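Worksheet: one structure, shown below.
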Amino acid sequence: MASLGIQAEQEPLLGDRTPGSREWEIIETEEHYKSRWRSIRILYLTMFLSSVGFSIVIMSIWPYLQKIDQTADASFLGWVIASFSLGQMVASPVFGLWSNYRPRKEPLIVSILISVAANCLYAYVHVPASHNKYYMLVARGLVGFGSGNVAVVRSYIAGATSLQERTNSMANTSACQALGFILGPVFQTCFALIGEKGVTWETIKLQINMYTAPVLLGAFLGVLNILLILTILREHRVDDSGRQCKNINFEEASADEVQVPQGNVDQVAVVTTNVLFFVVLFIFALFETIVTPLTMDMYAWTREQAVLYGGIILAALGVEAVIIFMGIKLLSKKIGERAILLGGLILAWVGFFILLPWGNQFPKIQWEDLHNNSIPNTTFGEIIITLWRSPRADHSEEPIGCPAEQAWCLYTPMIHLAQFLMSTVLIGIGYPSCNVMSYTLYSKILGPKPQGVYMGWLTASGSAARILGPVFISQVYTSWGPRWAFSLVCGILVLTITLLGVVYKRLIAFSIRHGRIQE
């Protein structure tokens, strides 16, 4: 993990000569430089653990929910899944505001403590005699609330890096986040070997099984993360040129630190970047959601096949994203962040355009009355449920194909597997490119002032997108089919690309806008 920052650490310690200046000044001492990058690396780890906290139980929530509370249905599952993003959406601006006025260790440690406590609560949701599902809902919501520290992490990294280092650092941060989403289900799979029964510590009524072991690991890693933050993390702030600035949220300036440059932030650029980021996460969240039902409809895959192949596809997307995050650091130096953001949106549009059904070959129709075995047509939870549901015991063979109750199955051409795979590759390139460039541009637009609140709103917009994306696609896809669903997504992307084109020249760094350095 620490090696991710090595390339960025190779930047020179000498500042650039600015127009009209005769200074070649030392930006920071070697000791300060090493301390700054040790702190940034600790926050890479924090970002990794935050994403692991979401994904490490995602594949086991439904069977565990069924086990602890027989009254839980698919609709309630949707609330449990969404509670993480809801909690994060509420907490991000709060922790961001906190970090603007107090040492950033405080919101980081408190947020991680909340996540640790929530994971422990999750491990005990089987104990109460009733209402167990609500305890799980609270536990997942609190884990999401603790993950609101993502805003603090990105705010710290934005304030502790120069413009020259910023893209590398933001790419490393996004890579750690993506790696956490990839490895979380892998950890869950390993714990599946423990089985449902596992072992019980009667004294404290703790069951250690395939459902609770992952969250107990998460709690342990959270405590370890807190210890690392307490012992290694130091407050650092530099301006866009890399010179030390005073931490204006709680410290007095020292003699060798420069004051934070004054000037107004371009609010049009700020709002636009929030909109762009919302769209980027919206389209990826809906794509992740639709993979399983789409493949079951189009290729007559069974639930097991859809979960297996869909899992492989999403894992491959995660690996592809990490590669893109690493490679994008070099490309941004050649063509700039705005061009990469525009290119990523165009690639995503092409990917969804390819998904539009063409030709005269139709999917296999599922004529049986499937009811609970069918692809859901009302709630987000019922779509998510296909990721966990196993065949019913009273069915020797599960019905496969596109359900006849979805009227569009009868007249909509199928999406060929080659179309789907090509689309997946393009979306897998476009999403990480847009993701890291949105964060990078946003941090540069805001400048060297404390960014906690602004990063909180950006994180909140992403959380809202992860909630609304699955709801949107579940309703449109089930009612009108893939042609309408993906056409609307293409239309949203066209509007987004147009918006980016209109404000393209305004998406520049704070220091460039105010003429302190040249682009």
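Failed condition for ALA91, given (1) of a type outside the set (Ser, Thr, Tyr); (2) in contact with a Ser or Thr (Cβ under 9 Å, 6 or more places away or on another chain); (3) within 23 Å of ALA465 (Cβ to Cβ); (4) open to solvent by 20 Å² or more (accessible area, probe 1.4 Å), with all others met?
All conditions are met except number (4).
Looking at this structure, is ILE81 within 20 Å of the chain's Cα centre (by Cα) and modelled with pLDDT under 85?
yes
Can you tell me which of SER461, SER438 is within 17 Å of ALA285 (Cβ to Cβ), buried (at least 24 other Cβ atoms within 10 Å of the Cβ) and modelled with pLDDT of 85 or more? Outline the logic, then answer.
Numbers: SER461 fails: buried (at least 24 other Cβ atoms within 10 Å of the Cβ).
Of SER461, SER438, the one residue that is within 17 Å of ALA285 (Cβ to Cβ), buried (at least 24 other Cβ atoms within 10 Å of the Cβ) and modelled with pLDDT of 85 or more is SER438.
Being closer than 17 Å to SER438 by Cα, at pLDDT below 95 and of a type in the set (Phe, Trp, Tyr) narrows it down to one residue among TYR477, TYR504; which is it?
Going through TYR477, TYR504 in turn, the sole match is TYR504.
Name the pairs whose Cβ atoms lie under 8 Å apart, with the first residue in region 398-425 and over 16 Å from ALA300 (Cβ atoms), the second β-branched (Val, Ile, Thr) and open to solvent by less than 30 Å² (accessible area, probe 1.4 Å), and 6 or more positions between them or separate chains?
Here the result reads THR424/ILE313, each pair linking region 398-425 to a residue that is β-branched (Val, Ile, Thr) and open to solvent by less than 30 Å² (accessible area, probe 1.4 Å).
Going residue by residue through region 470-489, is there one that turns out to be closer than 28 Å to ASP266 by Cβ and either among the hydrophobic types (A, V, I, L, M, F, W, C) or open to solvent by less than 10 Å² (accessible area, probe 1.4 Å) (or both)?
Narrowing region 470-489 to residues closer than 28 Å to ASP266 by Cβ: none.
Checking region 470-489: not a single residue is closer than 28 Å to ASP266 by Cβ and either among the hydrophobic types (A, V, I, L, M, F, W, C) or open to solvent by less than 10 Å² (accessible area, probe 1.4 Å) (or both).
Can you report the number of residues in region 140-161 which are open to solvent by 10 Å² or more (accessible area, probe 1.4 Å) and over 21 Å from CYS120 (Cβ atoms)?
Count: 0.
In this structure, is ILE232 surrounded by fewer than 20 Cβ atoms within 10 Å (Cβ to Cβ) and under 30 Å from ILE445 (Cβ atoms)?
Here the answer is yes, as ILE232 does meet what is asked.
Condition check ((1) open to solvent by less than 30 Å² (accessible area, probe 1.4 Å); (2) closer than 17 Å to ALA175 by Cα; (3) of a type in the set (D, E, K, R)) across all residues:
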| residue | (1), (2), (3) |
| --- | --- |
| ALA269 | yes, no, no |
| LEU294 | yes, no, no |
| GLN305 | no, no, no |
| LEU308 | no, no, no |
| ALA316 | no, yes, no |
| SER332 | yes, yes, no |
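Residue under question is ALA175, and the condition is that it be in a helix (DSSP H, G or I), among the aliphatic types (A, V, I, L, M) and at pLDDT below 85; does it hold?
yes
Please go through region 187-217 and give me each residue that is among the acidic types (Asp, Glu) and either part of a loop (DSSP other than H, G, I, E, B) or open to solvent by less than 20 Å² (accessible area, probe 1.4 Å) (or both), ordered by number. Quick ask: steps written out before the conclusion?
Initial filter on region 187-217 (among the acidic types (Asp, Glu)): 196, 202.
Within region 187-217, GLU196 is the sole residue that qualifies.
Take the residues of region 162-186 that are under 23 Å from LEU317 (Cβ atoms) and in contact with an Asp or Glu (Cβ under 9 Å, 6 or more places away or on another chain): which is surrounded by the fewest Cβ atoms within 10 Å (Cβ to Cβ)?
ASN168
Let's see how each residue does on (1) over 15 Å from ILE290 (Cβ atoms); (2) at pLDDT below 50; (3) among the acidic types (Asp, Glu):
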| residue | (1), (2), (3) |
| --- | --- |
| LYS333 | yes, no, no |
| ILE346 | yes, no, no |
| TRP358 | yes, no, no |
| SER390 | yes, yes, no |
| GLU397 | yes, no, yes |
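Tell me which residues, restricted to region 284-332, are more than 26 Å from GLY462 (Cα to Cα) and among the charged types (D, E, K, R).
Within region 284-332, ASP297, ARG303, GLU304 qualify.
The values are calculated or read from the model by the stated rules, or taken from the named source; none is laboratory data. A quick note: this is a predicted structure, and the numbers were derived from the prediction, not measured. Using ideal geometry, Cβ is built from the backbone for each residue, glycine included, and neighbour counts are taken over all protein chains shown. The area values use the complete protein model at the heavy-atom level, side chains included, leaving out ligands, DNA and RNA. Shrake-Rupley method; radii C 1.70, N 1.55, O 1.52, S 1.80 Å.
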